[in-house]
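Novice: The following block contains the structure, expressed as structure tokens.
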Amino acid sequence: MSAQQQILLIGFGNMGQALVRGWLAKGRTTATIRVVDPAASSRRAATGLGVSAHESVGETGAVRADVVVLAVKPNQLSGVLPTCAGLAASGAVMLSIAAGKTLATLTAGLGRAAVVRAMPNTPAAIGRGITVLVANSAVSAEQRALCSELLGAVGEVAWIDDEQQMDAVTAVSGSGPAYVFLLIECLEQAGRELGLGAALARQLALATVAGAGAYAAAADAEPAELRRRVTSPKGTTQAALDVLMAQPGMAELFSRALRAAADRSRELSRA
């Protein structure tokens, strides 16, 4: 990442703060980052990290920015875009993480602009997220690389060419952490029902989910093969899987759940 590249980050909520911490950890200097947020508490959080913070884009006195990161809530985006049109016209790439807002919506509010739409997820807060990005035709290879680097500071990055896939991405990874949290809840509750103390049930559930995920990521085998490896015929794991994989089982429930999430994502993008 070039030391001269200038970032304007609009919105300093949880994701904005995670991004700045990631950038600083990767060696970017505070002098290259400016934050805009109308909330005084958010500006204090930014200055606490040594980053310049302003109430509005007009206050920044920005001559230029290489990238403008739009980290605002979706319902705030329409009010923010007009304030960024000048920066977009001057060549800044606009990187939006506003959920559900399409490239067409973004360009409608900015005019001719290089625009990237991104869908990160909540584990970005600890540097373990994954972000999927899609760009319009005005985005250069250098700007794609810059966006990859910025989001790569908080986890993995993947690009798609077809924006319509973003609804499926939202269903799988954007909403996905909630499904895993539910699994942890269910494991913990079931453990308590079997007589475990609350603290031990939670410890076992958390460690098992975290460990299994890390093991699957590091293994050289598909998840189905890993499942088979830990399932002895007629053993305890098999007894549990006979219940979980019965019809309708987890596979069908997840298919239905993710279709519902993707459908809702499409509805929201049209709102």
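Novice: Which one of Pro120, Val139, Thr102 has its Cα pushed farthest toward the positive end of the charge dipole of segment 7-169, where Lys and Arg give +1 and Asp and Glu give -1 at the Cβ?
Specialist: About the Cα centre, the residue reaching furthest to the positive side is Pro120.
Novice: Any idea which of Ser41, Pro223, Gly211 is furthest toward the positive side of the dipole for the chain, if Lys and Arg beta-carbons carry +1 and Asp and Glu beta-carbons -1?
Specialist: Ser41
Novice: Towards the positive end of the charge dipole of the chain, with charges on Cβ (+1 Lys, Arg; -1 Asp, Glu), say which of Gly86, Leu151, Met166 has the farthest Cα.
Specialist: Gly86
Novice: Can you give the relative contact order of segment 71-154 as a percent, counting alpha carbon pairs under 8 Å and 6+ residues apart?
Specialist: 25
Novice: Tell me whether segment 1-104 comes out rounded, prolate or oblate; compute the Cα gyration tensor, take square roots of the eigenvalues as a ≥ b ≥ c, and use a/c under 1.5 as the rounded threshold.
Specialist: Working: a/c = 1.41, a/b = 1.20, b/c = 1.18.
Rounded, because the longest to shortest axis ratio a/c is under 1.5.
Novice: Which percent of Cα-Cα pairs in the chain sits in each 5 Å bin, short to long?
Specialist: Calculated P(r), rounded to whole percents: 1, 5, 11, 14, 17, 14, 11, 9, 7, 6, 4, 2, 1, 0.
Novice: Show me, for segment 90-96, the HN-Hα J-couplings you get by feeding each phi into the Karplus relation (A = 6.51, B = -1.76, C = 1.60, θ = phi - 60°), rounded to Hz, glycine and proline as x.
Specialist: Rounded to whole hertz, the list is 7, x, 5, 7, 9, 10, 9.
Novice: What is the set of long-range amide H partners of Leu95 at a cut-off below 5 Å, with H atoms built 1.01 Å from backbone N?
Specialist: Amide H neighbours of Leu95, under 5 Å, 5+ apart: Val68, Val69, Leu70, Val116.
Novice: Hey, another quick one. What are the ³J(HN,Hα) couplings of segment 129-145, residue after residue, when phi is run through the Karplus curve with 6.51, -1.76, 1.60 and θ = phi - 60°? Round to Hz, x for glycine and proline.
Specialist: My calculation for segment 129-145 gives x, 9, 10, 10, 10, 9, 10, 7, 5, 7, 7, 7, 4, 5, 5, 4, 5 Hz in order.
Novice: Could you compute Rg(Cα) / (2.2 N^0.38 Å) for segment 128-250, with N its residue count?
Specialist: My calculation over the Cα atoms of segment 128-250 gives 1.39.
Novice: Between His54 and residues 5 or more places away or on another chain, which pairs have amide H atoms under 5 Å apart, with H built 1.01 Å from N, and which residues are they?
Specialist: Val35, Val36, Asp37
Novice: Roughly how many debye, to the nearest 20, is the charge dipole of segment 159-234 about its Cα centre, given +1 on each Lys and Arg Cβ, -1 on each Asp and Glu Cβ, and no other charges?
Specialist: 680
Novice: HN-Hα J couplings of segment 21-34 from phi, Karplus 6.51/-1.76/1.60, θ = phi - 60°, integer Hz, Gly and Pro as x?
Specialist: Calculated HN-Hα couplings, in order: 4, x, 4, 5, 5, 8, x, 5, 7, 5, 5, 9, 10, 10 Hz.
Novice: Let me ask something else. To the nearest 20 Debye, how big is the dipole of segment 7-169 about its Cα centre, given +1 on the beta carbon of each Lys and Arg and -1 on that of each Asp and Glu?
Specialist: 420
Novice: Over the chain, what is the mean sequence separation of C-alpha contacts under 8 Å (at least six apart), divided by residue count, expressed as relative contact order in percent?
Specialist: 14
Novice: I've got another one for you. Where the centre of each part is set by its Cα atoms, how far does segment 216-271 sit from segment 119-190, in angstrom?
Specialist: Measuring centre to centre over Cα atoms gives 20 Å.
Novice: Assuming a viscosity of 0.890 mPa s and a temperature of 25 °C, what translational diffusion coefficient in µm² per second does Stokes-Einstein assign to segment 44-157, Rh being the Kirkwood radius over Cα pairs? Could you put the intermediate results ahead of the total?
Specialist: Values: Rh = 14.6 Å.
Rounded to a whole number, D works out at 168 µm²/s.
Novice: Let me ask something else. With the chain treated as a Gaussian network of Cα nodes joined by springs under 10 Å, which of Gly91, Gly191, Gly100 yields the largest mean-square fluctuation?
Specialist: Gly191
Novice: Among all the aspartates and glutamates, which ones have a C-alpha under 17 Å from Lys101's C-alpha, if same-chain residues fewer than 8 places away are not counted?
Specialist: Candidates past the 8-residue exclusion: Asp161, Asp162, Glu163, Asp167, Asp263, Glu267.
Novice: Of Ala199, Ala89, Ala65, which has the largest mean-square fluctuation in a 10 Å C-alpha GNM of the chain?
Specialist: Ala199
Novice: Separate question: Per DSSP H run of n ≥ 4, the term is -39500 (n - 2.57); total these for the chain, divide by its residue number, and report the mean residue ellipticity at 222 nm rounded to 500 deg cm²/dmol. Show your work: numbers first, answer last.
Specialist: Numbers: 11 runs with 134 residues, N = 271.
So the helix-based figure for the chain works out to -15500 deg cm²/dmol.
Novice: If you fit an axis through the alpha-carbon atoms of helix 176-193 and take the longest principal axis of the Cα set of the chain, what angle between them do you get, 0 to 90°, nearest 10?
Specialist: Around 30 degrees separate the two axes.
Novice: Once amide H atoms are built 1.01 Å from N in the peptide plane, which residues 5 or more positions from Trp159, or in another chain, come under 5 Å H to H?
Specialist: Leu133
Novice: Explain nothing, just the number: relative contact order of segment 127-271, from Cα pairs under 8 Å at least 6 residues apart, as a whole percent.
Specialist: Once normalised by length, the contact order is 24 percent.
Rule-based calculations on the coordinates, nothing more; no lab input. Remember, it's a predicted structure, so these values are computed and weren't measured experimentally. Here Cβ is always computed from backbone atoms with ideal geometry, including for glycine, and neighbour counts include all displayed protein chains.
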